[in-house]
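The values are calculated or read from the model by the stated rules, or taken from the named source; none is laboratory data. Keep in mind the model is a prediction, meaning the values are calculated, not measured. Positions of Cβ are generated from backbone atoms using ideal geometry, with glycine treated the same way; all protein chains shown enter the neighbour counts. Please note that ligands, DNA and RNA were not included when accessible areas were found on the heavy atoms of the full protein model with its side chains. Shrake-Rupley method; radii C 1.70, N 1.55, O 1.52, S 1.80 Å.
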Amino acid sequence: MDVQNKAYLSIEQLTDRYLGSAKKAETLKTFEGLSFQQILDRKTTQETGGNLRFSKHALGRLSDRNIELSEGQLERLNDGARKAGQKGIRESLVIVDQLAFIVNVPNQTVVTAMDSTETTENIFTNINGAVII
């Protein structure tokens with residue numbers, strides 16, 4: 001090990017230099033003047049701004065059961081998921097007309113879908129709330 005000038009730093013000096021215990025970290029700004037948190041918040045609201053995604057499983061169920069959603073039904077489904085999120089529901093049953101959807105609210109993802117003929121027992125598990133639109 002080649003030590004120049006035999007200048008050793010104390011633990012306190014190293015702590016101050018690398019951990020900045022005396023200074024608070026500055027918020028870095030991007031070229032637009034936004035912080036990382038502001039960009040993340042903006043991106044999150046754009047992605048979850050009312051457009052649900054459908055999982056591969058849900059798309060398969062829609063196809064297998066010949067379920068086609070109208071624009072109005074899709075809007076109401078998005079509205080139901082938004083309302084569930086406002087109430088703190090994480091896994092929600094959203095009923096639109098005669099269709100039932102299980103929605104993972106934090107991920108804005110429809111997990112499965114079924115119509116009234118599929119729900120013979122009318123039992124839904126692993127949900128913590130329901131929205132009837």
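Couple of notes before you dig in:
- Net charge over other residues, Cβ less than 11 angstrom from the Cβ of S92 (K, R count +1; D, E count -1): +3
- Considering all different alpha carbon pairs of the stretch 61-133, the Kirkwood hydrodynamic radius works out to 12.2 Å.
- Within-14-Å neighbourhood charge of K83 [Cβ basis; K, R +1; D, E -1]: +2
- Ordering of 85-97, 63-75 by packing [mean C-beta count within 10 Å, highest first]: 85-97, 63-75
- Only protein atoms count toward the accessible area here, which uses a 1.4 Å probe; on the stretch 67-133, the carbon and sulfur part of that area reaches 47 percent.
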